[in-house]
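Asks: Pasting in a structure now, in structure tokens, and then I'll have a few things to ask.
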Amino acid sequence: MSMDFDLENPLGNFHDAVPSLFLTECDHIPPPNYCHTLKASDFDISVRRDVVSFISQLSCTFDPVLPYLAINYLDRFLANPGILQPKPWANKLLAISCFSLAAKMLKTEYSATDVQVLLNHGDGGAIFEAQTIQRMEGLVLGALQWRMRSITPFSFVPFFINLFRLRDPALRQVLKDRASEIILKSQREIKVLEFKPSTVAASALLYASHELFPFQYPCFLRAISDCSFVNKETVVQCYNVIQDIAMEEYESALNINSTSDTPVNVLDEHFVSLESEKTNVLIQEQDFKRRKITADYGNKRTVPFSHFHQC
């Protein structure tokens, strides 16, 4: 009997699987030079954008983890050059096939005809037969080497949250939810694919914790930086990318006009502060400045210090 697939626990036993997750995560993502490979092989990056858009349209009424898994399959498929010739109908077929595989893994019921009608916007576009979709699924599975139990950033979120020693389950859930939002939105940015899932998870949680619990952020950062599975320099790089994504989100939500000012890179500042064992004065000053940007979001989630362990 096959185990149910859980994006947070893809290997089935969380406590025993953590080292295995870190050891095998690179088998479930495109190679680091994925973006460069696409450009070098004359594969227009806009094709990926189109297929991602198709998957999003197909998934608009489903749990957001379904399109996330489908796009994971898509990127791993596209990392194999020469498999797909970019054509409008092929892009739609690929989107439907990745969506279908993800739906099967998550045991989500759907009507293949209904989702295709949705994708065609009722304009009479082609409706692929079941056998055609199955053949395309076979190509995708071959490219994935049948590794459908994808290891994603969600697989590492519980592990890193446990390092933070949050006492209140409600606070743990708030942090997890915000980090999950960041992870979901970051998938559209191809630069994020240059990092391992564990690095994306650590960076998303650090950014979320800086938004929600700024005065406890140094403790969270220390917990991440002390983790033997984490490369701090790589986390800084990923954090920068996620910071840009989050800032775009804020500007859109708050209708802020773009300026020439560059946001303070708080992660660099905090790593320097931790390693030199200086006081937290500089950290708190940077937090205060940053909170001016995130005030509308953060004011809704203020929590007392009694809910935290001391560092």
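Asks: Quick one: Karplus J couplings for region 214-219, per residue in order, coefficients 6.51, -1.76, 1.60, θ = phi - 60°, nearest Hz, x for Gly and Pro?
Replies: x, 6, 9, 3, x, 5
Asks: Okay, next question. Could you point to the residue in 205, 151, 225 farthest towards the positive end of region 149-235's charge dipole, with +1 and -1 charges on the Cβ of Lys/Arg and Asp/Glu respectively?
Replies: 151
Asks: So what are the ³J(HN,Hα) numbers for region 233-247, from phi and the Karplus equation (6.51, -1.76, 1.60; θ = phi - 60°), rounded to whole Hz, Gly and Pro as x?
Replies: Here the 3J(HN,Hα) series is 5, 5, 4, 4, 4, 5, 4, 4, 5, 5, 4, 4, 5, 5, 5 Hz.
Asks: Using the Cα centre as the reference, give the magnitude of the dipole from point charges on the C-beta atoms of region 74-224 (Lys, Arg: +1; Asp, Glu: -1; all else neutral), rounded to the nearest 20 debye.
Replies: On the way: 18 positive and 12 negative charges, 116 e Å.
That gives a dipole near 560 debye.
Asks: Where the centre of each part is set by its Cα atoms, how far does region 134-157 sit from region 195-218, in angstrom?
Replies: First find each Cα centre; the distance between them is then 27 Å.
Asks: With the cut-off at 28 Å, tell me which of the pairs 107/185; 185/232; 107/232; 104/185; 176/196 have Cα atoms farther apart than that.
Replies: With Cα atoms farther than 28 Å apart: 107/232.
Asks: Could you look at region 140-235 and say what percent of its accessible area is carbon and sulfur, using a 1.4 Å probe and all protein chains?
Replies: 52
Asks: Where a ≥ b ≥ c are the square roots of the eigenvalues of the C-alpha gyration tensor, would you call region 198-239 rounded, which needs a/c under 1.5, or, failing that, prolate if a/b is larger than b/c, or oblate? Don't jump to the answer; show the numbers that get you there.
Replies: Values: a/c = 2.25, a/b = 1.44, b/c = 1.57.
Oblate.
The values are calculated or read from the model by the stated rules, or taken from the named source; none is laboratory data. A quick note: this is a predicted structure, and the numbers were derived from the prediction, not measured. Here Cβ is always computed from backbone atoms with ideal geometry, including for glycine, and neighbour counts include all displayed protein chains. We work out accessible area using only protein heavy atoms, side chains counted, and drop any ligands, DNA or RNA first. Shrake-Rupley method; radii C 1.70, N 1.55, O 1.52, S 1.80 Å.
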